[in-house]
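The values are calculated or read from the model by the stated rules, or taken from the named source; none is laboratory data. Just so we're clear, the structure is a prediction, and the values are computed from it rather than from any experiment. For neighbour counting, all protein chains shown are included, and Cβ atoms are generated from backbone atoms with ideal geometry for every residue, glycine included.
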Amino acid sequence: MAMTRDALVQALAAIVGVRQVLQRPSELLVYASDGLPGYRKQPSLAVFPRSRDEVVAVVRLLARERMAFVPRGAGTGLSGGALADGVVLLGLNRLTRVLSIDAENRLAVVEPGVVNVHLTRAVAPLGLHYAPDPSSQAACTIGGNVAENAGGPHCLKYGVTLNHVVALTVILPDGEIVTLGSSDGEVDGYDLLGAFVGSEGCFGVALDATVRLTRNPQAVRTLLADFTSLDAAACATSAIIAAGIVPAALEMMDQPTIRAVEASIYAAGYPVDAAAVLLIEIDGLQAGIDEDVVRLQAICLEGGAREVRVARDEQERTRLWQGRKKAFGAMGRVSSHLVVQDAVIPRTRLPDVLRSIAAIGEREGLTVCNVFHAGDGNLHPNIPYNANDPDESARVHRAMQAIMQTCVDAGGSVTGEHGIGLDKLDYMSLIFSPESLDAMCRLRAVFDPDQRANPGKVVPIHACREWSQTAVLR
Amino acid sequence: MKEVSPSGAIHGLGGAPAPVGAVSSAPLASAPLSSAPLSASPAPTAVPAGPFDKAATPVWLAHNTGAVADAIREAGSARVALRVRAGGGWLDAGRPVTNATHVLDVGALRGIVEYTPGDLTLTARAGTTLAEIDDATRPHGQWLPLDPHGAPADTLGATLATASCGPLGASLGLPRDLALGVEFVDGRGTVVRGGGRVVKNVAGFDLVRLTVGAWGTLGVITEATVRLRARPDHCATLAVEAPGDQHALARLLRALREGPLTPIATELLDATLSAALGATAGDADAVVIRLVGNATSVAAQRRHVMSLARTVELPDTVWDALRRVLPAGAASVRVSHRPERLAVLWHDLATRTRDIPGCLRHATVERGVARCAVPAGHAEALTEVLPALVSSWRVVGEVLAPSAWSVLQPAGSDRLSRGVRAAFDELHLLNPGLMDATT
Amino acid sequence: MSSTLPSSSASARACAIPGTPLAQAMPGLDSCVHCGFCLQACPTYLALHDENDSPRGRLVLMRALVEGDVSLDDPDVHAHIDRCLGCRGCETACPSGVPYGQLLEATRATLAMRRPLPLIARLILGTFARPWALGAALALARLARALGLPRLLAALPGRLGFAFAMLRATERPLGEAPYTPTGDGSRGTVAVLHGCVMQGLFAATNRATERVLGVNDYRLVVATDEGCCGALHAHAGDVDAARRLARRNIAAFEQSGADLVAVNASGCGAMMKEYGHLLHDDPAWSARAAALAARVRDVSELLVAAGPRRGGPLALHVTYDAPCHLVHAQRIATAPLAVLSAIPELRLTPLADADQCCGGAGIYNLVEAETSDAVLTPKLARISETGAALVATGNPGCLMQVGGGLLRAGSTTRVLHPVDLLDASYAARVPNADP
């Protein structure tokens, strides 16, 4: 017999304290959405453990009572992945300790609620940083980054979260604690760590993460190239990669995005009359870096850039980056609503896919704001619109479908870094066969046979043959 | 994160090289499974020579993914276990495969399926050799920076299935970092695709990481997409004489790890290897470091390395030589800990294996992984020192005498690993015994 | 608030509270895209880690009020809106430009329609709204200070002890040494807001302000009958009182004929720069309010525009804490640092998280004591890490909150206004009018 809600609240409060359990509808409202507020799913209650022991006790209680739950970090995700639809929301944002820093081996052990940029700040005096830098790094948590396998502009050179997580202590949904990976040498066996990173909270809850730290480069150069056509900027991207230069980051912003940023508090001095800008960063040793800058400038100018500006100092560099990183938020100025999209295409298809996207926008009478990781071919076509206008909403919906289909047809994927969550469930069958989706379900069942952790996310439920044939516990 | 000793493992070597173009897709003959049911004895096919060469073992040659699936399904209904390989060669790496009465040979699955240089990705069938991939990508100034110890005739499938890599892995990516997508056939005979063909992808649960390093026990890799890198403009390889004193060695390694250098490989070699590769004249160990960058950068790095210790410049070919210098049939283990402890580990390993004739040791500095290989005839001597190594360090067995494996904890014995195995190969049809000691 | 497509349910909802200040401020809510970048900029979120106590959470509650998902009587809404410091640190983190400060005031005004403010808040605001009452209260405070009562009573437990510690913190760490300013008045006429608390407890700082402006070529004129700016009332939702006080000040400064109004209390400066918004729907006053607001400057802005001139050496170890209403509301971050750097031999150690609120926030430290302490604690720790002997900050609320906190913590570090330091520097060597 399942516990009543009141009894559950009491049992949770006994673990974490009364103030760490939220149950009234008005105080749960804010937890009904993440960084993608188009979805609202009210949790039945929310619990906020403050220590590892409390997390363990909470997860074990939920296991005993066979209650489903959704782990949540800072709620900055962009796929509705942290929404708890009538189930328990497990907030991990109060576990904010950096547990240890090992400068010599360049490792840090952190609790899941540590904010991404706080780790970098903590290790800065040692000349180190944490390389994955999602645009939300000032707010998002490492636990959330692990769940989503977060990327960021600098993952072009340094790799995504997966490449920087060495070991995890995980509590499985049934309450068992396991260690995945190793921080003191190699382990053999299946790469369960690799399977866990990016599992979007469906495989369990990370209690701590051992992550790799990266040496700060001796020298950094940040360039801003502005173009009078989107096409030229896209071609220049390919030319840079083809030249064998591996920039630390290679980002593109189109005119609507530039204008939104320039109107915001993060105005970076981007030229508002440019059709597109490329923000290019290279880093490495002091010796020889300026030769690479000259090469990059030449490639951009040959590719039709009007001007290539090199940031003069750290302050200008920060400003150029702030504009890029806050661009998504800045679009709040353009219109009352916004769809945020995330897709990946082979880099060489950038010019023609961008043309197709522009044509789709034109056909539907919509403005598409492109701000994306050009070096990775990771597109973010965002469309500001007014959701109160049913006709416009319908056009946005059609445009999004068409854009996603275009990217898939180009050989791409439906998400490069935001995750599937709730938002992209329907797109999964565009890129995976029923057999492959079923295989994913089988993998999930290893970690969570009852499907209690983040239910209903990542893989459409009907794709899981065995589960869809049996009653699913919710 | 496993390496495997020379020339392949489960997927083994390919057969005769197939012509490969820059963007090529060798047409595959449709070659269905032998018409005889699995329960009956199939038409015997030639099995290449090697330790697994059991003349009586029936072999099925699969020429395409569908045939692999058919074979596994039939094996399932007949309840016969399969030894998976790509063409032969070294099948003695890892725990002994038990009860595999049949061989599934996927060596004919070869050829590059797609390669667009501007995308820096390449898709190839599992039996394609690393050498073929190297030939295809070199003209475009690119490479797949996987340099496992062994012959470049290793197949892509074997390299990924065993997660093998060499000195480049520390900086340019381990197989798990470079694999973007896989197609595999699981133990049910289902064709599954994980990942994709783009460099960044978080769609769905990660079946790629799961398959890479699974030694073919969760599915038979039939095709894979990998990330390529641009070949460096300028390279320089320097050998630095390594001090015999443990503390002095630690200081040197630290200076190399923390100095103004961006090497793509830093490998510590024992005196025998150093001498064999011309890194040192006498009987000292050496650190061989491969510096990359533009001309100015390489020159500055070279000056820095030379300021640290006595240095000789080596040709870049020394890295290929290192891959080959290790004797075939050797028994080998990898011993590791945190990078900062490498000097201690190195000293301990050297002390314990000093008296084994023909023993070779080398270590990847950035990863803190040392590797020790002894000639086949002295495998027992390595077995004897294993318990002491296991008590202090992380030890991963590569090729060992059958009795030695009992010293090492089976990799797949935990609950999750058993669950994964059951989810993808419930009947233990694929390479039984390799990842567990239960069969 | 932005949304992806499935949000049609969230759109086109009828307004549940038409005609209220919050309903009018609704368009400001629409620019929030829910990105969450404000969370780490919010002192109450950092202290409590509940998103209801973050800007994003409070905006959700505001929207819920407008859309009728929660009622104006909902105690949770009141609790979380009350707990906001109003520091507006979120505004300098917000890429979408959500006018959070205005939304907060509109929300408080709307909630105040249903539920009176707590007694202590009403008492304090009532006092500030009446010059005679405020004058009496401040005179009493000065008397207590002169008698050394705060030194005895600051150790009392609870808010009472803290109040005395705050009062003690208004004692000047540096003596006042008047001198005759040498400037030529060429930069135009300036009237200084003497205000209420500043004049009552920091009169010497007001005098210093006039002297340093004089040294930097501003010609001082006096406005009569100016006083409390109304910020405390506006922040608490007592808009009517705020408007009354604003009108009085507008009239006073108009009459002074000054080109510019200099303000040395950043909370007041922020308020006065928003007089136009405060009186935007008052036909008789809106234009006058906007015109006056455009003439308001923080004293550091005026000083930096003029240099400022370098004075004599002060070998002091100082750190700078940015008042929220200077750095977030007025977006003035570097000017006070430039003022301090005009002092030879002054050693300035940067304060980590200087842009974080100290928890003072007007009368917040008296009505939300627990959260205020939780916000103050890290601030005191960061100050201690600098090892500085003095903390410079340009707002009376912050001076008293930080100063009181330091005293209660047994620290020897003292607080003062940056202008006091510049004034002491000039007292050591009055700069020549022709540098």
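Things to note:
- Test for B:A321: is it away from chain A (no Cβ under 14 Å), part of a helix (DSSP H, G or I) and not charged (D, E, K, R): yes
- Considering residues of region B:175-192 that are closer than 18 Å to B:V68 by Cβ and in contact with a Leu (Cβ under 8 Å, 6 or more places away or on another chain) only, the residue nearest to the other protein chains (Cβ to nearest Cβ): B:V192
- Single unsatisfied condition, A:M428 versus (1) touching a residue at least 40 places away in the same chain (Cβ under 8 Å); (2) assigned to a helix (DSSP H, G or I); (3) within 24 Å of A:G35 (Cβ to Cβ): (1)
- All of (1) in contact (Cβ under 8 Å) with a residue 12 or more places away in the chain; (2) among the aliphatic types (A, V, I, L, M); (3) farther than 25 Å from A:I383 by Cα hold for A:A242 with one exception: (1).
- Candidate set: region A:246-264, residues that are under 23 Å from the mean Cα position of the chain (by Cα) and within 14 Å of chain C (Cβ to nearest Cβ); chosen: the one surrounded by the most Cβ atoms within 10 Å (Cβ to Cβ): A:V261
- Residue selected from region C:32-68 under the condition touching a Gly at 6+ places or on another chain (Cβ under 8 Å) and more than 15 Å from A:G73 (Cα to Cα), by the criterion farthest from the other protein chains (Cβ to nearest Cβ): C:P43
- Considering region A:104-130, and only residues there that are under 25 Å from A:V458 (Cβ atoms) and in a loop (DSSP other than H, G, I, E, B), the residue that is nearest to the other protein chains (Cβ to nearest Cβ) turns out to be A:G113.
- Counted as qualifying within region A:296-364 are the helices (runs of 4 or more DSSP H) with 1 or more residues that are β-branched (V, I, T) and under 19 Å from A:G416 (Cβ atoms), namely A:350-364.
Results for (1) touching a Phe, Trp or Tyr at 6+ places or on another chain (Cβ under 6 Å); (2) in contact (Cβ under 8 Å) with a residue 12 or more places away in the chain; (3) among the aliphatic types (A, V, I, L, M); (4) outside the structural domain of A:E111 (by TED's automatic domain parsing), shown as yes or no for each residue.
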{"residue": "A:I15", "(1), (2), (3), (4)": "no, yes, yes, yes"}
{"residue": "A:L28", "(1), (2), (3), (4)": "no, yes, yes, yes"}
{"residue": "A:L36", "(1), (2), (3), (4)": "no, yes, yes, yes"}
{"residue": "A:P43", "(1), (2), (3), (4)": "yes, yes, no, yes"}
{"residue": "A:A57", "(1), (2), (3), (4)": "no, yes, yes, yes"}
{"residue": "A:L62", "(1), (2), (3), (4)": "yes, yes, yes, yes"}
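- Residues being outside any helix (DSSP H, G or I) and touching a residue at least 40 places away in the same chain (Cβ under 8 Å) - total across region A:431-448: 1
- Checking each residue of region B:152-169 against the condition of being assigned to a helix (DSSP H, G or I), touching a helix residue (DSSP H, G or I) at 6+ places or on another chain (Cβ under 7 Å), outside the structural domain of B:R371 (by TED's automatic domain parsing) and of a type outside the set (S, T, N, Q) gives at least one match.
- Subset tally (residues that are of a type outside the set (A, V, I, L, M, F, W, C) and more than 7 Å from every other protein chain (Cβ to nearest Cβ)) for region B:195-216: 3
- Residues being of a type outside the set (S, T, Y), assigned to a helix (DSSP H, G or I) and either within 7 Å of chain B (Cβ to nearest Cβ) or surrounded by 21 or more Cβ atoms within 10 Å (Cβ to Cβ) (or both) - total across region A:141-195: 16
- Test: residue in region B:273-294 that is away from every other protein chain (no Cβ under 14 Å), surrounded by fewer than 18 Cβ atoms within 10 Å (Cβ to Cβ), more than 22 Å from the chain's Cα centre (by Cα) and of a type in the set (V, I, T): no
- Count of region A:435-455 residues which are in contact with a helix residue (DSSP H, G or I) (Cβ under 8 Å, 6 or more places away or on another chain) and more than 10 Å from chain B (Cβ to nearest Cβ): 3
- Subset of region B:390-436 (residues that are touching a residue at least 24 places away in the same chain (Cβ under 8 Å), hydrophobic (A, V, I, L, M, F, W, C), assigned to a loop (DSSP other than H, G, I, E, B) and more than 25 Å from A:D448 (Cα to Cα)): B:W393, B:L400, B:A401, B:L434
- Leading residue by the ranking (modelled with the lowest pLDDT) among those in region B:217-233 that are surrounded by fewer than 24 Cβ atoms within 10 Å (Cβ to Cβ) and within 9 Å of chain A (Cβ to nearest Cβ): B:D233
- Only listed residue being within 22 Å of A:T228 (Cβ to Cβ), without any contact (Cβ under 8 Å) to a residue 24 or more places away in the chain and either surrounded by fewer than 21 Cβ atoms within 10 Å (Cβ to Cβ) or touching a strand residue (DSSP E or B) at 6+ places or on another chain (Cβ under 7 Å) (or both), chosen from A:A327, A:A374, A:A358, A:A298: A:A298
- Residues located in region C:103-122, provided they are in a helix (DSSP H, G or I) and either surrounded by 15 or more Cβ atoms within 10 Å (Cβ to Cβ) or modelled with pLDDT of 85 or more (or both): C:L103, C:L104, C:E105, C:A106, C:T107, C:R108, C:A109, C:T110, C:L111, C:A112, C:A121
- Index of the failed condition, C:D259 passing every other in (1) under 16 Å from the mean Cα position of the chain (by Cα); (2) among the acidic types (D, E); (3) closer than 26 Å to C:R207 by Cβ: (1)
- Test: residue in region C:246-261 that is in contact (Cβ under 8 Å) with a residue 12 or more places away in the chain, closer than 18 Å to C:E105 by Cα and not in a helix (DSSP H, G or I): no
- All positions within region B:110-125 that are modelled with pLDDT of 95 or more and either closer than 20 Å to B:W319 by Cβ or not in a strand (DSSP E or B) (or both): B:G111
- The numbered conditions (1) in contact with a Leu (Cβ under 9 Å, 6 or more places away or on another chain); (2) surrounded by fewer than 18 Cβ atoms within 10 Å (Cβ to Cβ) are all true for A:D53 except (1).
- Considering only residues in region A:330-355 that are within 12 Å of chain C (Cβ to nearest Cβ) and closer than 21 Å to A:A233 by Cα, the one that is surrounded by the most Cβ atoms within 10 Å (Cβ to Cβ) turns out to be A:D342.
- Applying the condition of being touching a strand residue (DSSP E or B) at 6+ places or on another chain (Cβ under 6 Å) and within 14 Å of chain A (Cβ to nearest Cβ) to region B:77-116 and asking which residue is nearest to B:L429 (Cα to Cα) yields B:A93.
- Here B:V344, B:V369 are screened, and the one residue that is crowded, with 24+ Cβ neighbours inside 10 Å and of a type in the set (V, I, T) is B:V369.
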